[in-house]
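Report on one structure; see the data block that follows.
The values are calculated or read from the model by the stated rules, or taken from the named source; none is laboratory data. These numbers were taken from a predicted model, which means no experiment stands behind them. When we count neighbours, we look across all protein chains shown, and the Cβ atoms used for this are built from the backbone with ideal geometry, even at glycine. Protein only, heavy atoms only, side chains kept; ligands, DNA and RNA dropped before computing areas. Shrake-Rupley method; radii C 1.70, N 1.55, O 1.52, S 1.80 Å.
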Amino acid sequence: MLFIIRKNLGVSSFEDYATASRSFGFFALTFSVLATWIVGAMYTSWAGMAVTYGFTALYCIAYAIITMIVMYYVAPKTYIWGAKYGIKTQSELLGFRYQSKTVRMLTGIWGIVFTIPWLIVEIVTQGYVFEYASGGLIPQFWGMVLGIVVVAIFVSLGGMRSVVTANVFQGLILIFGGTALMIYFIYKYFGGFSSGFDMVANEYPEMLTYPGPGWDPPTPYWTSIVILSGLGGFLWPWAYNKLFASDSIRTIKISALLAPIIYAIFFSIFVFTAIFIHSYDQTLSDVQGAFLWLASESGPIALGFLGVIIMASSVGTVSGIIQAISTTVSRDFAQVINRNISDKRAINIARISVIAISLISLLIGTADLGLMVFLALFTYDGIILLFPVVILGLYWKRANKEGAIIGLIAGTALSMFLRFFNPIFIESWGWQPGVYGLALCFIIMIVAGYMKKPGVFVEKLWQDTEVLYTKNVKVPTSKSTSRVS
């Protein structure tokens, strides 16, 4: 991977670090989007859910389709405003739309706070791989250190161009190599899909129904995690910011159609494999290491190949997350506080942020995180609060900064209160805390929107966007800083 991206190492402009100069086509963007879903933690965190509960894990396919619908509809204005006004990050886009530095910095903080748990899960996964692949010779902690050091080097030197280029390479390994390896496991240990399902249907029928064995959440639980993951799945800065790296709206829309099809095929085979290996007692004793155990039973080549596949997907995710956070720190915090920061200094701030983020995540990753999929699901309770701010900001003229600020803070406060204090109705009704926070944020923003008329800036912004989009005019690219009053 380092050999492939060697020409990208050493970016000299912040535009290139943040957006790769808006140069990537649909092939690169499709695999880059897939890299935000098919994470290394899929083989640990989501393997734990799939091996334990079976069918429930297929919620990911439902949410991926919703996520791509969100991507399809946020793409036009995001791309147009990004290219025309030199916008480089999600937070900068929202600060520009609402003409508010407060909105810009708040959404930046939300993006970082609720993204870091994902980063921690991925780093822990890298440690798992090193420990298994070395037969315990390399402890999990030092595996985590090795993984994060490699990523920190190429992200800090190459920025978005290295991230997306690496995502293509990693995606090809993962999609084709990962699918082939799982099919190999299914035929080697279970005689194929048909006989595998016959075995499960006869011996473990609960694995094929919701919610799975030994668990009894209400039906709305499944519905709510689909809604939260689907609407929030494209709001992560490390996913959303890749819209600014594309070369056209058409590129984004093609990627939005291709990505869920590829993902659905791959992830279905992954879940089927997990359901089948539920039959082994050894996998149930360590569900998060189930796939690695199965690979180790198949010999060193299979184990080594799976290790490469997991590391490829994990590095793709970690690099995207770290690049997005470092860009936010430099662009949406440092350059907002001090507008006179030079391009060179902005890149240095981003690179220092890469090191700091890596060290913090490594430290937290040494704690006992339990079944990590639930840590990842928790983050959606917070990131989902960006959905009303983004979607109303892009499609409703009346959405204003007062509603966005109050709605974001109040909705998140409610969501986090319900998550940590866990009142009895959360478990009995099944709806997750983020759903209540999302509803409150929408209500506040809509009420605030009707309390005052849209300003002149919003009217002109809408007019400019409609001309460029409806007439299919080429968007003039600007490298200037977007202005926030």
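Cα-Cα over 31 Å: which of K101/K242; K242/K397; K242/K401; K101/K344; K188/K253; K188/K242?
Pairs exceeding 31 Å: K188/K253; K188/K242.
Got a sec? Charge dipole of the chain, +1 on Cβ for Lys and Arg, -1 for Asp and Glu; which of S279, C441, Y210 is way out at the positive end?
C441
Given a 1.4 Å probe and the protein chains all in place, what does the accessible area of K253 round to, in Å² to the nearest 10?
Its accessible surface works out to 40 Å², give or take rounding.
Need one value: the accessible area of D286 in square angstrom, 1.4 angstrom probe, rounded to the nearest 10.
My reading of the accessible area for D286 is about 50 Å².
Calculate the dipole size of the stretch 304-372 relative to its Cα centre from +1 charges on Lys and Arg beta carbons and -1 charges on Asp and Glu beta carbons; express the result in debye to the nearest 20.
The dipole magnitude comes to about 340 debye.
If you fit an axis through the alpha-carbon atoms of helix 26-37 and take the longest principal axis of the Cα set of the chain, what angle between them do you get, 0 to 90°, nearest 10?
Tilt relative to the chain: about 60 degrees.
Could you compute the FRET efficiency for I424 and T219, with r as their C-beta to C-beta distance and R0 at 22 Å, rounded to 0.05?
0.80
What does the accessible area per residue of the chain come to in Å², with a 1.4 Å probe and no ligands, DNA or RNA counted?
It amounts to 38 Å² per residue over the chain.
For the stretch 211-304, what size does the Cα cloud have along each of its three principal axes, sorted from largest down, in whole Å?
Result, largest extent first: 50, 42, 22 Å.
What's the whole-number percent of alpha carbon pairs in the stretch 7-154 lying beyond 26 angstrom?
When every Cα pair of the stretch 7-154 is considered, 43 percent fall beyond 26 Å.
Under 1.5 on a/c is rounded, so check that first for the chain, then, if it is not, pick prolate when a/b is larger than b/c and oblate when it is not; a ≥ b ≥ c are the square roots of the alpha carbon gyration tensor eigenvalues.
prolate
Considering the options T317, W236, T89, tell which one lies farthest towards the positive end of the dipole of the chain, charges being +1 on Lys and Arg and -1 on Asp and Glu at the Cβ, about the Cα centre.
T89
Residue farthest toward the positive end of the dipole of the chain, with Cβ of Lys/Arg at +1 and Asp/Glu at -1: which of T44, L461, W293?
L461
Any idea what the dipole of the stretch 280-413 comes to, in debye rounded to 20, about its Cα centre with Lys/Arg Cβ at +1 and Asp/Glu Cβ at -1?
1000 debye
If you put +1 on each Lys and Arg Cβ and -1 on each Asp and Glu Cβ, how big is the dipole of the chain around its Cα centre, in Debye rounded to 20?
In total the dipole reaches around 2720 debye.
Using Cα pairs closer than 8 Å and at least 6 residues apart in sequence, work out the relative contact order for the stretch 145-276, in percent.
Reported as a whole number, the value is 34 percent.
How much of M416 can a 1.4 Å solvent probe reach, expressed as accessible area in Å² and rounded to 10?
Accessible surface of M416 is approximately 30 Å².
With the Cα gyration tensor of the stretch 357-461 giving a ≥ b ≥ c as the square roots of its eigenvalues, does the rule (a/c under 1.5 for rounded; else a/b larger than b/c for prolate; else oblate) give rounded, prolate or oblate?
oblate
Using alpha-carbon pairs under 8 Å, 6+ residues apart, how would you state the relative contact order of the chain in percent?
32 percent
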